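A.B. asks: Got a structure for you, questions after.
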Amino acid sequence: MKSVASAPGKVILFGEHFVVYGISALLCSIDKRVIVTSQTTDEKMIKIESDIGHIEMSNNSLSIMNESTPKTMKPFLYIIKKTLERFKKDVGIEVKIESEISPGIGLGSSSACCVAAAASITALFEKLSREEILKLAIEAERTIFENTSGADCSVCTFGGLMEYDIKNGFKKINSKADFALVIANSKQTHQTSELVEKVRKFRENNEDLFASLCEQESALVQNALLALEKNDLSRLGLLMSENQAYLERIGVSTGTLDVFIKEAKKTAYGAKITGAGGGGCIIALTDKSNLNQTLANLKNCGECFTAKIDYRGLLDTF
Ligand code: MEV
């Protein structure tokens with residue numbers, strides 16, 4: 001039995017980090033995917049193969065995952081273990097992960113892996129609903145990043161443009177906003193969990209400032225929703241740049257990313273980091289009128305490419 005699933009990466013347009021503290025974030029999935037192929041074998045061995053590592057172990061060693069288990073493999077091993085338990089199966093599973101998204105750069109590679117793996121592996125035995133797959137994917141991501149808000153896995157599962165908050169989950173945004181994103185990758189990788197921990201400490205030492213930034217971020221997100229509704233890209237871009245100022249304040253931007261943002265803002269409607277920060281990517285908001293010029297401005301800034309919104313989300317065969 002063989003099963004293939006793919007899930008898109010994502011960008012956060014507004015609200016990263018603040019979303020961990022209950023503020024709404026606005027996200028969209030992008031047209032870059034992770035593809036996971038799984039198959040059952042009679043050998044009772046678990047084999048995982050990906051660009052970021054591989055592992056081979058007997059299926060009865062799954063219950064002894066510990067400190068020495070490679071971190072990058074934990075989410076996949078978790079999904080396999082839960083799936084074999086749920087369907088009461090004693091078989092081997094081979095998993096192959098292929099990705100168009102580099103890891104650790106804020107474009108949702110880890111979440112897309114968890115979502116595509118949860119769909120592909122469970123489908124070997126039964127096709128689950130997207131809601132059930134999302135739940136398993138978030139649990140799997142928590143094996144490496146305990147405090148995830150769940151925002152990234154949600155958008156990688158359902159696709160499109162969405163508002164997300166911890167309490168209410170995701171809500172699709174039906175916007176006709178016609179924009180293109182230019183992404184510049186600093187190639188400085190980060191660990192999301194470390195950046196989230198850094199912000200936790202910042203909050204602990206600056207309680208009043210952080211509370212005030214949360215209030216401002218919340219108002220900004222409401223204004224961004226209105227701008228999206230009216231397809232007012234000038235306004236949306238200004239709000240993105242404002243969001244960047246808050247992210248700089250909490251210490252998740254870097255000198256390199258600040259330079260990229262300055263270059264991008266010469267022609268784009270606005271620009272900011274996306275995801276955890278501390279490296280990774282910036283996104284610049286453009287449309288047909290300023291896309292090429294923004295790409296040209298950023299040509300000396302790391303690896304540069306454009307991304308469109310992916311409206312399909314998780315695909316279980318393709
Ligand atoms: C990471 O892409 C987004 C963060 O807000 C963490 C999270 O929401 O889990 C930094």
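A.B. asks: Sort largest first and round to whole Å: the equivalent ellipsoid semi-axes of the chain, each the square root of five times a Cα gyration tensor eigenvalue. Please list the in-between numbers first.
C.D. replies: Details: eigenvalues 239, 80, 65 Å².
The three semi-axes for the chain are 35, 20, 18 Å.
A.B. asks: Modelled label-to-label distance, LYS81 and THR189, 7 Å Cα→beta-carbon offset: nm?
C.D. replies: Placing both labels 7 Å beyond Cα along the Cβ direction yields 2.3 nm.
A.B. asks: Between PHE305 and GLN293, what length comes free when the chain is fully extended (0.36 nm per residue of separation minus the Cα-Cα distance, one decimal in nm)? Don't skip to the answer; put the middle values down first.
C.D. replies: Working: separation 12, 0.36 × 12 = 4.32 nm, distance 1.26 nm.
Net length gain for the segment: 3.1 nm.
A.B. asks: For LYS88, give me every one of the lysines with a C-alpha distance below 17 angstrom, ignoring sequence neighbours fewer than eight places off in its own chain.
C.D. replies: Result set, ordered by chain and number: LYS44, LYS127.
A.B. asks: Sticking with this one: Would you calculate a helix-derived [θ] at 222 nm for the chain, using -39,500 (n - 2.57) for each DSSP H run of n ≥ 4 and dividing by the full residue count, to the nearest 500?
C.D. replies: Working: 9 runs with 119 residues, N = 318.
For the chain, the value works out to -12000 deg cm²/dmol.
A.B. asks: Something else now. Within 10 Å of each candidate Cβ there may be at most 14 other Cβ atoms; applying that plus a DSSP loop requirement, which GluC sites (Glu not before Pro) in region 60-104 survive? Before the final figure, lay out the partial values.
C.D. replies: Values: sites: GLU67, GLU85, GLU94, GLU98, GLU100; in loops: GLU67, GLU100.
When the GluC sites (Glu not before Pro) of region 60-104 are filtered for loop state and at most 14 Cβ neighbours within 10 Å, GLU67 remain.
A.B. asks: Find the lysine pairs in region 171-261 meeting two conditions, Cα atoms under 28 Å apart and a separation of 8 or more places or different chains, and report how many there are.
C.D. replies: 5
A.B. asks: Averaged per residue, what accessible area in Å² does region 1-97 show with a 1.4 Å probe, protein chains only? The partial results should precede the final answer.
C.D. replies: On the way: 4130 Å² over 97 residues.
Each residue of region 1-97 exposes 43 Å² on average to a 1.4 Å probe.
A.B. asks: Which net charge results when you count Lys and Arg as +1 and Asp and Glu as -1 among the other residues whose beta-carbon is under 11 Å from that of ILE261? Working shown, then result.
C.D. replies: Working: positive: LYS262, LYS265, LYS266, LYS272; negative: GLU248, ASP258, GLU263.
Once all neighbours under 11 Å are counted, the net charge is +1.
A.B. asks: Additional query: Amide H to amide H, which residues 5 or more places from THR41 or on other chains are under 5 Å from it, using H placed in the peptide plane?
C.D. replies: GLY92, ILE93, GLU94
A.B. asks: Residues with beta-carbon under 15 Å from that of GLU248, excluding GLU248: net charge, scoring Lys, Arg +1 and Asp, Glu -1? It would help to have the intermediate numbers written out before the result.
C.D. replies: On the way: positive: LYS198, ARG249, LYS262, LYS265, LYS272; negative: GLU16, GLU217, GLU242, ASP258.
Summing Lys and Arg as +1 and Asp and Glu as -1 gives +1.
A.B. asks: Out of the GluC sites (Glu not before Pro) in region 121-181, which ones are loop residues according to DSSP with at most 11 other C-beta atoms within 10 Å? Spell out each step's value before the answer.
C.D. replies: Values: sites: GLU126, GLU131, GLU132, GLU139, GLU141, GLU146, GLU163; in loops: GLU126, GLU146.
For GluC sites (Glu not before Pro) across region 121-181 that sit outside H, G, I, E and B with at most 11 neighbouring Cβ atoms in 10 Å, the list reads GLU126, GLU146.
A.B. asks: Right, another one. Name the residue from PHE14, ASN292, TYR269 whose Cα lies farthest towards the positive end of the charge dipole of the chain, charges +1 on Cβ of Lys and Arg and -1 on Cβ of Asp and Glu.
C.D. replies: ASN292
A.B. asks: What are the ³J(HN,Hα) couplings of region 99-107, residue after residue, when phi is run through the Karplus curve with 6.51, -1.76, 1.60 and θ = phi - 60°? Round to Hz, x for glycine and proline.
C.D. replies: After applying 6.51 cos²θ - 1.76 cosθ + 1.60, I find 9, 8, 10, 5, x, x, 10, x, 9 Hz.
A.B. asks: Using only the alpha-carbon atoms, how far is helix 233-249 inclined from the longest principal axis of the chain? Give it as 0 to 90 degrees, nearest 10.
C.D. replies: For helix 233-249, the angle is close to 70 degrees.
A.B. asks: Another question, if that's okay. So which aspartates and glutamates can LYS96 reach, going by Cα to Cα under 15 Å and dropping same-chain residues fewer than 8 places off?
C.D. replies: Leaving aside aspartates and glutamates fewer than 8 places away in the same chain, those within reach of LYS96 are GLU49, ASP51, GLU56, ASP316.
A.B. asks: Compute, for region 167-224, the length of the dipole vector about the Cα centre, with Cβ point charges of +1 (Lys, Arg) and -1 (Asp, Glu) only. Units Debye, rounded to 20.
C.D. replies: On the way: 9 positive and 8 negative charges, 70 e Å.
That gives region 167-224 a dipole magnitude of about 340 debye.
A.B. asks: Leaving out same-chain residues fewer than 8 places away, which lysines sit with a Cα under 17 Å from that of LYS262?
C.D. replies: LYS272, LYS299
A.B. asks: Run the dipole for the chain about the Cα centre, Lys and Arg Cβ at +1, Asp and Glu Cβ at -1, nothing else charged, and hand back the magnitude in debye, nearest 20. The partial results should precede the final answer.
C.D. replies: On the way: 38 positive and 40 negative charges, 87 e Å.
I would put it at about 420 debye.
A.B. asks: While we're looking at this one, here's another question. Mind checking region 64-111 for chymotrypsin sites (Phe, Trp or Tyr not before Pro) that DSSP puts in a loop (not H, G, I, E or B) and that have at most 15 other Cβ atoms within 10 Å?
C.D. replies: On the way: sites: PHE76, TYR78, PHE87; in loops: PHE87.
Passing sites in region 64-111 are PHE87.
A.B. asks: Give the long-range amide H neighbours of LEU128: residues separated by 5 or more places, or on another chain, with amide H under 5 Å away, using H modelled in the peptide plane at 1.01 Å from N.
C.D. replies: The answer is none.
A.B. asks: Moving on to the next point. Could you give the angle, 0 to 90 degrees to the nearest 10, between helix 207-229's Cα long axis and the longest principal axis of the Cα atoms of the chain?
C.D. replies: 90 degrees
A.B. asks: Near LYS299, within a Cβ-to-Cβ distance under 13 Å, what is the net charge of the other residues, with Lys and Arg +1 and Asp and Glu -1? Write out the running numbers ahead of the final one.
C.D. replies: Working: positive: LYS266; negative: GLU263, GLU303.
With Lys, Arg at +1 and Asp, Glu at -1, the net is -1.
A.B. asks: Further, regarding this structure: Two decimals, Cα atoms only, Kirkwood Rh: what is Rg/Rh over region 141-287? Walk me through the intermediate numbers first.
C.D. replies: Working: Rg = 15.3 Å, Rh = 16.2 Å.
Rounded to two decimals, Rg over Rh is 0.94.
A.B. asks: Carbon and sulfur: what percent of the chain's accessible surface (1.4 Å probe)? Each step should come with its number before you reach the end.
C.D. replies: Details: 6720 of 14100 Å².
On the chain, the fraction of accessible area on carbon and sulfur atoms equals 48 percent.
The values are calculated or read from the model by the stated rules, or taken from the named source; none is laboratory data. Keep in mind that this is a model prediction, so the values were computed, not measured. Cβ coordinates were reconstructed from backbone atoms using ideal geometry, including for glycine residues, and neighbour counts include every protein chain displayed. We work out accessible area using only protein heavy atoms, side chains counted, and drop any ligands, DNA or RNA first. Shrake-Rupley method; radii C 1.70, N 1.55, O 1.52, S 1.80 Å.
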